[in-house]
Protein chains: 2
Amino acid sequence: MGEPIVSQRSTNRRTRQRPGAAGPMDGKPFRLVRNPFRPLEALSGEQLARIHEASMRIVEEIGIDFLDAEALQLWHDAGARVDWKCQHVWIDREHLLSLVGKAPSEFTLRALNPERSLVFGGNAVNFATVGGAPFYSDLETGRRPGSLAAFEKMVKLAQVCNPIHIVEGLLLEPQDIPVPIRHLEKNLIQLTTSDKVYTAAAHGRDVASDYIHMAAIVFGGLDSVQRQPVMAAVVNANSPLRFDGRMLGGLIMFARYGQPAIVTPFILAGAMSPVTLAAAIAQQNSEALAGIALTQLVNPGCPVIYGGFTTNIDMQTGSPAFGTPEGALALMTGAQLARYYGVPYRGSGGLNNAKLPDAQASYETQMSLWPAVMAHANIILHSAGWLEAGLVCSLEKFVIDVEGLAVFQRMLGGVEVSDETLALESIAEVGPGGHHLGTAHTLERYRSEFYLPFVSDRQNYDKWLQDGQTDAARRAHGIANVLLGEYERPPLDPGVREELRAYVERRKSELAGTG
Amino acid sequence: MGEPIVSQRSTNRRTRQRPGAAGPMDGKPFRLVRNPFRPLEALSGEQLARIHEASMRIVEEIGIDFLDAEALQLWHDAGARVDWKCQHVWIDREHLLSLVGKAPSEFTLRALNPERSLVFGGNAVNFATVGGAPFYSDLETGRRPGSLAAFEKMVKLAQVCNPIHIVEGLLLEPQDIPVPIRHLEKNLIQLTTSDKVYTAAAHGRDVASDYIHMAAIVFGGLDSVQRQPVMAAVVNANSPLRFDGRMLGGLIMFARYGQPAIVTPFILAGAMSPVTLAAAIAQQNSEALAGIALTQLVNPGCPVIYGGFTTNIDMQTGSPAFGTPEGALALMTGAQLARYYGVPYRGSGGLNNAKLPDAQASYETQMSLWPAVMAHANIILHSAGWLEAGLVCSLEKFVIDVEGLAVFQRMLGGVEVSDETLALESIAEVGPGGHHLGTAHTLERYRSEFYLPFVSDRQNYDKWLQDGQTDAARRAHGIANVLLGEYERPPLDPGVREELRAYVERRKSELAGTG
């Protein structure tokens, strides 16, 4: 089974809510997480072979749109059949698979704090915040458009919460900042507020270029960034069977500079693919592999991630449905396919349709988190804070989800079996009918042996009544404030900070009026 | 992988909430569930061997209390070393394992409705209601002591909800009925209100005898019941290392009459066992195997179930802690051990410490449900309705949990991979950039292809606002009433019903004044 946790470092000071009480992150150090259990697999070998075969036929016989001249040229030069007018490409399976085979099965993303660098591949599991939410909500101010201030608050919270490995650069959309310069403002906050691994946006060549050049400023230059990647970015296929020019521009830039694209077909079965799950998965597979292959045409051997985001539409409302059994199966099968091709896999961890951080929010979240973790997804996006089909980043949901991730990480530690933990002497000493509360064995270990929750209430009913009959969301609100109080800005060279600011100012003035 | 669902029968009439709307149980037939995926296992082979070895040493060298003269006599007659004064028994491992080896690895429990009979063993997964709650709560009447009326209401709800396989006879405690006759009143309601498999109480010889004789009335006589078992009952060890006289009386009666005891050590690590999980599991294993072995001394080959209920105490409040990472690991390892010994396994599915059906209730529930299902627990008790460390049976939590079980059961159906579901023609026909909403392939399947939720809200925000901004608990309350409106009493021969009533009346008068 081996030791699943390769590193344990408590980086937060203890902050005590009241004398003697533990801080929320006590006993929950930042750790690199590995899933020591065998991956959960939903497909038999024969089923996997049939889905693989169907995907190969899609790529060979039906083909895929690449709406970008450079991408078409790359395919043409590599010998694929290209229809220039329709911007359409057919790829032989041998060609496709030999390209996919060039992608590394494992790589490391460096963090500003080197102790927080992360491995992608194998049984490594890394958890990221929600990304892309246009709205922000908390119990105090309600649901409102995302702002730069809310973005900064959430990055701080993500920095403090040890079970979060990755801060999504698109965490929430600051709608108070014009679109053309939004990525600059967000990335400036990102790089000066958190020292964890982060994701970037790959929305076209220019945005990608800005992310890459800002990374170069803080990570010791473009060469250093190219040699050792520092960020990842989602590149969606416009399913069915199409990559648009904006996403291809980002994909090409990321590949060229050696940063991993997370190639993720955006499939709601019944709308962007046939309604049957097998077809949705086969189509996802063909799109993901085609995108991955393109990164290897640009830059053979560059890191890349196979992304799965397939779920279904709700056939009553037409809305995307999240935390569904179909989505769970798609997550598991995607991981199994990525493993088959030897490429790291991206899943999603906290998907739901709930409007509030209520029971629905949590059971749907778990229906996406469990399959993602158990299928060995290497990067799990949207693991904390997601509400309302991704429209909302919720402060309270974020804290509730962080508790869920901390619980998971503890569970993935497995069972320690040794003479000491089997404690036969202690069992003999207490004997039948006694109790173990005061034994030496217990007293030595009771403070750290069990997970200590910070959102869950374990008081008795009367005490809970006296304490105000809070639900989990109400408690999470208070805990968010405690955690934000623990925030400390990570060190950053003042010269580097100044250079970043100057870059952003220059680009802002270049971009002024382009929106 | 094979076909996981061996039977699908929709037994509820469609009840429409509004014209065109689906009833909550539409598309969620009563089905025998099998988990087609490989079991999730937390122990390596070497770890399992060490825990096995430790348990054998506990039984051989430390020994176990059996506080019952008949049990001691059985052990003595079988050649075990008995200390009559201390009521203590030491059992050689060869002896213990040969007894455990006589227990069947799989058996069937008959239901009054033969289509609802259930298999226990292998990868069969059966879900049971909450059991043993002293309090009942709903959003209308609040939290109050359990009553016979509330018990009957919950049995009706369990009968209607197809994802529930088993109605726990101890569902909630009707505190308005005196203890000595409570089991009679409950069992009378049980047998005349539901036709599903049920659990009974094994609290001493007399209570067990009443359950067995009442079963004989409805299942065609004592011989018939003995030949083919019809109910199971939890028999707890009074951990550490003790079975009390009341539980042993029940265990012996159940074994004698061929009904499966669910031998379940009640361990809160840190109190009833050492604080370390390995010790808790080893001790659980020694107690469970000793109880299982005793059933085989009474009646070799009789069905029996290995029960796991190990979790930890909360070291801050001293309360039992549920839905914990430690409890999840204990659940998984228990299943792995039971599989090793070839005995069906009981887990728990909805454990939590929450006071309300809120986010905490749901994420803790899932932290117990996922490991139970994925570890191949064959019977999952407390799968619906449990709140507040088991003190409360909640109407709304019950409905929310039933949705969770329905989702799980759908997911365990796996992915159907065939030419039809791969739908390459449809993918080719729609082509890049199109959509699949109106294709023939979609139109043929969209009504039934995806799981249709009844608690989860997937409307957009504005529609949800207009509809009263409900949370999941509020919606569950309304759905409970819809479901109760669908209830139909299952057929029962009037003569049988009369005989049951007469039995209960006779026993009530015999027991009058004994409490």
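Of the peptides B:266-277, A:469-480, the order by per-residue mean of other Cβ atoms within 10 Å, starting with the highest, comes out as B:266-277, A:469-480.
Can you tell me the mean projection area, over all orientations, of the convex hull of the range B:249-323's alpha carbons? Units nm², please. Don't skip to the end; give the middle numbers.
On the way: hull surface 21.3 nm².
Mean projected area for the range B:249-323: 5.3 nm², to one decimal.
Of the cross-linked pairs B:K28/B:K463; A:K355/B:K186; A:K397/A:K463; B:K397/B:K463, those separated by over 29 Å at the C-alpha level are A:K355/B:K186.
Taking the Cα centre of the range A:386-483 as reference, the dipole from Cβ charges on Lys and Arg (+1) and Asp and Glu (-1) amounts to some 340 debye. At q = 0.07, 0.09, 0.10 Å⁻¹ the log10 of I(q)/I(0) for the protein assembly as shown amounts to -0.61, -0.98, -1.19, computed by Debye summation with a single uniform scatterer per C-alpha, solvent ignored.
What's the magnitude of the charge dipole for the range B:142-197 around its Cα centre, counting Lys and Arg as +1 and Asp and Glu as -1 at the beta-carbon? Answer in Debye, nearest 20.
Working: 7 positive and 6 negative charges, 32 e Å.
Computed about the Cα centre, the dipole is about 160 debye.
Near the amide H of A:N312, within less than 5 Å, lie the amide hydrogens of A:A269, A:A321, A:G327, all on another chain or at least 5 residues away, with H placed in the peptide plane.
Peptide B:36-46 has a mean of 4 when you count, residue by residue, the C-beta atoms of other protein chains within 10 Å of its C-beta.
Restricting to bridges with both residues inside the range B:234-340, how much of the DSSP beta-bridge set is antiparallel, in percent to the nearest 5? If you can, show how the numbers build up before the last one.
Values: 2 of 12 bridges.
Approximately 15 percent, going by the DSSP bridge assignments.
Other residues lying with their Cβ under 14 Å from the Cβ of B:I166 contribute a combined charge of +2, Lys and Arg counting +1, Asp and Glu -1. For the range B:27-158, the relative contact order works out to 20 percent when only alpha carbon pairs closer than 8 Å and six or more residues apart are counted. Once the 1.4 Å probe is applied to the protein heavy atoms, chain A comes out at 32 Å² accessible per residue.
Our compactness index for the range A:32-82, the C-alpha radius of gyration over the empirical 2.2 N^0.38 Å, is 1.78. Computed from the alpha carbon atoms alone, the convex hull of chain B holds 171 Å³ per residue.
Taking a ≥ b ≥ c as the square roots of the eigenvalues of the Cα gyration tensor, an a/c ratio of 1.5 or more together with a/b larger than b/c marks the range A:398-515 as prolate. How high is the FRET efficiency from B:L443 to A:E46, r the C-beta distance, R0 25 Å, rounded to 0.05? After rounding to 0.05, the efficiency reads 0.30. Below 13 angstrom from the Cβ of B:T324, what's the summed charge of the other residues (Lys, Arg +1; Asp, Glu -1)? Result for the neighbourhood of B:T324: -3.
Normalised by the number of residues in chain B, what is the relative contact order in percent for Cα pairs under 8 Å and 6+ residues apart?
Working: 1073 pairs, mean separation 93.7, N = 515.
Reported as a whole number, the value is 18 percent.
Inter-copy label distances at A:E425, using a point 7 Å along Cα-to-Cβ, come to 7.5 nm with the shortest given first.
Between A:Y136 and A:R144, A:G146, A:C393, the built amide H atoms are under 5 Å apart, and every one of these is 5 or more places off in sequence or on another chain. Model label sites at B:K85 and B:R144, defined 7 Å from Cα along the beta-carbon direction, differ in position by 5.5 nm. Using R0 = 60 Å, the C-beta based FRET efficiency linking B:Y340 and A:E510 works out to 0.35. Averaged over the residues of peptide B:462-474, the number of Cβ atoms from other protein chains lying within 10 Å of each residue's Cβ is 3. Which values of log₁₀ I(q)/I(0), to two decimal places, follow from the Debye formula for the range A:432-501 at q = 0.14, 0.19, 0.21, 0.28 Å⁻¹ with a uniform point scatterer at every Cα? At q = 0.14, 0.19, 0.21, 0.28 Å⁻¹ the computed log10 ratios are -0.77, -0.95, -1.00, -1.16. Annotation: the antiparallel percentage among DSSP beta bridges lying fully within the protein assembly as shown is about 40. Could you compute the FRET efficiency for B:R501 and B:S319, with r as their C-beta to C-beta distance and R0 at 41 Å, rounded to 0.05? Working from the Cβ atoms, E equals 0.50. Looking at chain A alone, DSSP beta bridges between its own residues are antiparallel in about 40 percent of cases. Which one of A:L351, A:T470, B:Y340 has its Cα pushed farthest toward the positive end of the charge dipole of the protein assembly as shown, where Lys and Arg give +1 and Asp and Glu give -1 at the Cβ? With unit charges placed on the Cβ atoms, the residue in question is A:T470.
Which of the three applies to the range B:48-164, rounded, prolate or oblate, going by the alpha-carbon gyration tensor with a ≥ b ≥ c and a/c under 1.5 meaning rounded? Intermediate results must be reported in sequence, preceding the final value.
Numbers: a/c = 2.66, a/b = 1.84, b/c = 1.44.
Prolate, since a/c reaches 1.5 and a/b exceeds b/c.
Sites listed here are chymotrypsin sites (Phe, Trp or Tyr not before Pro) in the range B:103-168 whose DSSP assignment is loop and whose Cβ has at most 11 other Cβ atoms within 10 Å, and the list is empty. In a fully extended conformation the segment linking B:R93 and B:R38 would gain 16.8 nm over its present Cα-Cα distance, using 0.36 nm per residue.
Whole-Å semi-axes of the range B:97-251's equivalent ellipsoid, largest first, each the root of 5 times a Cα gyration tensor eigenvalue?
Numbers: eigenvalues 128, 78, 53 Å².
The equivalent ellipsoid of the range B:97-251 has semi-axes of 25, 20, 16 Å.
Note that the range A:235-386 carries a Kirkwood radius of 15.4 Å, evaluated over its alpha carbons pair by pair.
Near B:C302, once Lys and Arg are set to +1 and Asp and Glu to -1 for all other residues with Cβ below 12 Å from its Cβ, the sum equals +3. The same position B:W84 in the other copies lies at 10.3 nm from this copy, comparing label points 7 Å beyond Cα toward the beta-carbon, shortest first. Inter-chain neighbour count for B:435-441: the average number of beta-carbon atoms from partner chains within 10 Å of each residue's beta-carbon is 5. Give me the percent relative contact order of the range A:227-314, please, defined on Cα pairs under 8 angstrom at least 6 residues apart. Relative contact order for the range A:227-314 comes out at 35 percent. Chain B packed on chain A takes about 9800 Å² of accessible surface away from a 1.4 Å probe, both sides summed. The charge dipole of the protein assembly as shown, taken about its Cα centre with unit charges on the Cβ atoms of Lys, Arg (+1), Asp and Glu (-1) only, comes to about 780 debye. In summary, the lysines within cross-link reach of B:K85, defined as a Cα separation below 30 angstrom excluding same-chain residues under 8 places away, comprise B:K102.
The values are calculated or read from the model by the stated rules, or taken from the named source; none is laboratory data. Predicted model, so just to flag it, every value in this text is computed and none were measured. Cβ coordinates were reconstructed from backbone atoms using ideal geometry, including for glycine residues, and neighbour counts include every protein chain displayed. These accessible areas exclude ligands, DNA and RNA; they are computed on the full protein's heavy atoms, side chains included. Shrake-Rupley method; radii C 1.70, N 1.55, O 1.52, S 1.80 Å.
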